[in-house]
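The values are calculated or read from the model by the stated rules, or taken from the named source; none is laboratory data. A quick note: this is a predicted structure, and the numbers were derived from the prediction, not measured. All Cβ positions, even for glycine, are placed from backbone atoms using ideal geometry, and neighbour counts span all protein chains on display. Just the protein is used for accessible areas: all its heavy atoms, side chains included, with ligands, DNA and RNA removed. Shrake-Rupley method; radii C 1.70, N 1.55, O 1.52, S 1.80 Å.
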Amino acid sequence: MAERLMVVVGYEAAELLDIACVTTTLAMANGIGAPEVPYRVLLAGPGGGPLVCGSGLVLGSERSLERLSGPLDTLIVSGGTGYERAASDTRLVGHVRRLARESRRVASVCTGAGVLAAAGLLDGRRATTHWRFARLLAERHPKVAVDPDPIYVRDGHVYTAAGVTSALDLTLAFVEEDHGPELARQVARDLVVYLQRPGNQAQMSLFTATPSAPDDGVRALVEHIAAHPDDDLSTAALAARAGVTPRHLTRLFTEQLGRAPGRYVRQARTEAAAHVLASTTLPMAGVAARCGFGSAEALRQAFTERFGIAPSRYRAAMRPA
């Protein structure tokens, strides 16, 4: 029986989850679906010896990069705290570049994008990486169109995933692409994850990653916005609540949160709508009212702008199969 050879590239201080999310998802696809073209998964690293992950756990690589040759179905470079050393290792990068030429698909997870970029494989392409490292990737590789928002990006045959558990979303996308949505849904159920977060869903939620504001007044407003998205959150109303002028509030928000009050409120309301859509069956008009939008159409416009997907499609994707 023919096989799809999927090679995961690791190195010293690679992230264990970046590797395991890929390998476990593919193994489940084999076990659940018994596809006509199953996946054969190999972990490869420099020299083919044990790989000490960033967590300190040790994995046994099955093949050395130096002795590996194509054709490969998919080459997936993991990320991890050791990615800078890996990206500066000319031999490792050279083998990644060579194997990429012999692969149908090329992908990275998290900071593995730095290795692909060092190999020149992202030049002229749109790519993503973990939000924390996006600016550094863009500065070091100006030929790469870095987008820090999506969970994963596909540009031609090259895929880049945001970070850590986004490897699940990326690999489920591979399963669906290769074997259809039903097998991907079955694998997602066994993984106890949604099938599937849209690739262009924003990596960060304002409710889980609100920028820290040194000003007590700004922090209090951020908490109020999160708790009461349906209140009057105009800049004038927020300024009055904080006891400052609208102009001064705009300066504080821009300096401390990176966006003006109106933009921050719009994003907070959109994030709130995402939670409501995923956790309730409220009609769109009800979701809009609960989250401070004047109408279902206003919600749709803001949501599509933020996530690149209509609220109805988002709800369908977030709902367990």
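One table, with the values for the structure above:
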{"read-out": "Of all residues in the range 267-300 being open to solvent by less than 20 Å² (accessible area, probe 1.4 Å) and among the small types (Gly, Ala, Ser), the one that is farthest from Ala316 (Cα to Cα)", "value": "Ala268"}
{"read-out": "Condition met for Ser166 (of a type in the set (S, T, N, Q) and crowded, with 17+ Cβ neighbours inside 10 Å)", "value": "yes"}
{"read-out": "Failed item, numbered, when Arg313 is tested on (1) out of contact with any Cys (no Cβ under 7 Å at 6 or more places or on another chain); (2) over 27 Å from Arg189 (Cβ atoms); (3) of a type in the set (D, E, K, R)", "value": "(2)"}
{"read-out": "Subset of the range 107-138 (residues that are assigned to a helix (DSSP H, G or I), open to solvent by less than 40 Å² (accessible area, probe 1.4 Å) and closer than 18 Å to Leu17 by Cα)", "value": "Gly112, Ala113, Gly114, Val115"}
{"read-out": "Residue count, the range 233-249 (criterion: part of a loop (DSSP other than H, G, I, E, B) and either within 16 Å of Tyr264 (Cα to Cα) or of a type outside the set (Val, Ile, Thr) (or both))", "value": "3"}
{"read-out": "Inter-residue pairs, beta-carbon under 7 Å, first at pLDDT 95 or above and in the range 223-247, second assigned to a loop (DSSP other than H, G, I, E, B) and of a type outside the set (S, T, N, Q), 6+ apart", "value": "Leu233/Gly292"}
{"read-out": "Top-ranked residue in the range 169-181 [being open to solvent by 30 Å² or more (accessible area, probe 1.4 Å) and free of Cβ contacts under 8 Å to residues at least 40 places away in the same chain; ranked as farthest from Leu121 (Cα to Cα)]", "value": "Pro181"}
{"read-out": "Output for the range 139-152, where each listed residue is farther than 19 Å from Val9 by Cα, crowded, with 21+ Cβ neighbours inside 10 Å and touching a Phe, Trp or Tyr at 6+ places or on another chain (Cβ under 7 Å)", "value": "none"}
{"read-out": "Single residue of the range 250-266 satisfying the filter (part of a helix (DSSP H, G or I) and free of Cβ contacts under 8 Å to residues at least 24 places away in the same chain) that is surrounded by the most Cβ atoms within 10 Å (Cβ to Cβ)", "value": "Thr250"}
{"read-out": "Counted residues, the range 131-148 - those being in contact (Cβ under 8 Å) with a residue 60 or more places away in the chain and under 21 Å from Ser88 (Cβ atoms)", "value": "0"}
{"read-out": "Pairs with Cβ under 8 Å, 6+ apart, first in the range 81-107 and under 20 Å from Phe174 (Cβ atoms), second in a loop (DSSP other than H, G, I, E, B) and of a type in the set (Gly, Ala, Ser)", "value": "Val96/Ala119; Leu99/Ser69; Leu99/Gly70; Ala100/Ala119; Arg101/Gly70; Glu102/Ser69; Glu102/Gly70; Ser103/Gly70"}
